[in-house]
Amino acid sequence: MRIISCFAATLDGKIGSAANLRDRVGSRDDFEHLLDIRNQADAILYGGETFRQHPLLRKGNRQEKAPLQCLLTQSFNLPPDVKLFQESAQSNPPVPIVIASPEPASSAVRERYPQHIEWLTTGTDNPVPTILAHLRDKNIETLMVEGGGHIFNLFLEAQAVQELYLTLCPLLLGGRNDPSLVTGQGFRVAQAPRTEVLSQEWRGQELYLHLKITYPT
């Protein structure tokens with residue numbers, strides 16, 4: 001399975017502002033770039049915070065139907081009356097949705113959502129191996145990880161994500177609480193994932209990078 005990720009980040013590594021998490025650090029061109037990258041994916045994965053910011057079906061600008069949506073949550077704080085769930089259920093056939101969580105969802109939680117949703121229990125360790133095994137069983141060929149920084153970090157810790165599309169934006173946010181590209185405990189220098197530039201392009205004042213990610217052996 002090919003696993004890719006796509007982010008826009010400021011020069012100090014922030015992917016948003018804590019003052020308003022809906023604010024994008026990238027330009028309209030960067031958003032179109034994101035939609036273009038999504039066309040490669042037959043599954044898109046994101047966390048609960050990213051879902052709550054934009055509770056919509058995620059798909060590319062040339063995809064007639066949204067790919068499989070995979071949500072990671074610890075709290076099940078996922079409002080059921082939003083477009084993502086409504087539109088997925090109205091599609092024929094419904095857009096597949098997998099909700100993954102460390103603990104099993106209770107019947108009271110499940111009955112709030114459309115019946116076509118799959119529920120995946122990952123356990124309390126890093127959930128990435130369990131999720132990837134589940135998606136491989138569904139013959140997913142390209143998974144796109146959209147974040148946020150905590151989710152991206154889980155995939156780095158699992159040495160799973162292979163490519164990163166990164167837009168560097170001409171901003172410096174600097175906030176202590178602003179979300180970063182990578183969160184978690186961090187890596188020692190010797191164990192840190194490395195990147196190799198596959199391509200780069202300037203569009204105005206933004207630098208669009210396509211990076212290969214490798215991991216120390």
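For the chain, lysine pairs with C-alpha atoms less than 22 angstrom apart, excluding pairs fewer than eight positions apart on the same chain, total 5.
The GNM of the chain, with springs linking C-alpha atoms under 10 angstrom apart, assigns the highest mean-square fluctuation among Glu64, Glu141, Glu103 to Glu64.
The distance from the alpha carbon centre of region 115-153 to that of region 1-29 is 21 Å, rounded to a whole number. With a/c under 1.5 counting as rounded, go ahead and sort region 86-193 into rounded, prolate or oblate using the C-alpha gyration tensor (a ≥ b ≥ c being the square roots of the eigenvalues; past the cut-off, prolate if a/b is larger than b/c, else oblate). Since a/c reaches 1.5 and a/b is larger than b/c, the shape of region 86-193 is classed as prolate. Using the Cβ-Cβ distance between Asn77 and Thr124 with R0 = 25 Å, the FRET efficiency computed as 1/(1 + (r/R0)^6) comes to roughly 0.85. Under 5 Å from the amide H of Phe187 lies no amide H of any residue 5 or more positions distant or on a separate chain, with H modelled from the backbone and absent for Pro and chain starts. Enclosing the Cα atoms of region 1-63 in their convex hull gives a volume equal to 105 cubic angstrom per residue. Annotation: extensible slack from Glu141 through Gln86 equals 17.2 nm (criterion: 0.36 nm per residue apart, minus Cα-Cα distance). Taken one residue at a time, the phi angles of region 66-77 give Karplus couplings (6.51, -1.76, 1.60, θ = phi - 60°) of 5, x, 3, 10, 10, 10, 9, 9, 9, 9, 6, 7 Hz. Gly and Pro are set to x. On the beta carbon distance between Ala190 and Arg2, with R0 = 30 Å, the FRET formula returns roughly 0.65. At a Förster radius of 25 Å, what calculated FRET efficiency corresponds to the Cβ-Cβ distance of Arg24 and Gln159, to the nearest 0.05? Rounded to the nearest 0.05, the efficiency is 0.30.
In terms of other Cβ atoms within 10 Å, Thr130, Thr10, Thr214 run from fewest to most in the order Thr214, Thr130, Thr10.
Put a plus charge on the Cβ of each Lys and Arg, a minus charge on the Cβ of each Asp and Glu, and nothing anywhere else: the dipole of region 20-155 about its Cα centre is then about 220 debye.
When the trypsin sites (Lys or Arg not before Pro) in region 150-217 are filtered for DSSP coil states and for at most 14 other beta-carbon atoms within 10 Å of their beta-carbon, the remaining sites are Arg176, Arg188.
Label zone of Ala108 (point 7 Å out along Cα→Cβ, amide N under 19 Å): in region 77-91 this covers 77-81.
Simple rule: put +1 on each Lys or Arg Cβ and -1 on each Asp or Glu Cβ in region 1-146, find the dipole, and look at Pro93, Pro129, Leu78; the Cα lying farthest toward the positive end is Pro93. Listing Ser91, Ser199 from fewest to most neighbouring C-beta atoms within 10 Å gives Ser199, Ser91. Taking all Cα-Cα distances within region 2-214, those exceeding 29 Å account for 23%.
FYI, it's all coordinate maths here, none of it is from the lab. Quick caveat: nothing in here was measured; it's all calculated off a predicted structure. Because the Cβ atoms are built from the backbone with ideal geometry, glycine has one as well, and the counts that use them run over all protein chains shown.
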